[in-house]
Amino acid sequence: MNRSLPSGSNPTQKKIFLLADGNYKLKITKPIEGYLSLPKGDDLIPSISAASILAKTYRDEYMERMDTKYPGYGFAKHKGYGTEEHRDALVKLGISPIHRLSFCKFLRSGESEPTLF
């Protein structure tokens, strides 16, 4: 989230207030007016819906490029979701440089399912 915010302070800049989809306590390190985290925010607020569509479209295109760069993981098919095929590829091939380590904790702990956090 911090990467999406402008860095530094600019007195002529408009005040920033974030709207986030989900139920999160955000750790924002850049100067903003505030934020509101809403469960099902993409169903309630059009700007969150639009941002969600853009993010998913970008992620899907990115995962298709990563499928070429890191063959065997099936990124083009599962788009990074924790499907059984994805987990099996992780066990077989190991963690790639683009995997979130928090997702891959199940490899080290012997758990059968990955966790998001």
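I'd like the full set of residues that are among the aliphatic types (A, V, I, L, M) and over 30 Å from Ser96 (Cβ atoms), limited to segment 49-68. If the condition is that a residue be among the aliphatic types (A, V, I, L, M) and over 30 Å from Ser96 (Cβ atoms), then Ala50 is the only one that fits. Kindly indicate whether Leu107 is surrounded by 14 or more Cβ atoms within 10 Å (Cβ to Cβ), of a type outside the set (Gly, Ala, Ser), modelled with pLDDT of 80 or more and in contact with a helix residue (DSSP H, G or I) (Cβ under 7 Å, 6 or more places away or on another chain). No, not satisfied.
Within segment 27-40, being among the hydrophobic types (A, V, I, L, M, F, W, C) and under 19 Å from Leu54 (Cβ atoms) holds for one residue alone: Leu38. Within segment 24-44, the set of residues being part of a loop (DSSP other than H, G, I, E, B), in contact with a strand residue (DSSP E or B) (Cβ under 8 Å, 6 or more places away or on another chain) and at pLDDT below 90 comprises Tyr24, Lys25, Leu26, Ile28, Ile32, Glu33. The set of residues in segment 69-85 that are surrounded by 13 or more Cβ atoms within 10 Å (Cβ to Cβ) and within 17 Å of Leu101 (Cα to Cα) comprises Tyr70, Tyr73, Phe75, Lys79, Gly80, Gly82, Thr83.
How many residues does segment 45-79 contain that are in a helix (DSSP H, G or I) and farther than 12 Å from Ala20 by Cβ? Qualifying residue count, segment 45-79: 23.
The values are calculated or read from the model by the stated rules, or taken from the named source; none is laboratory data. It should be emphasised that the depicted structure is a prediction, and the values quoted were computed from it without experimental measurement. No Cβ is skipped: glycine too gets one built from the backbone with ideal geometry, and neighbour counts run over all protein chains shown.
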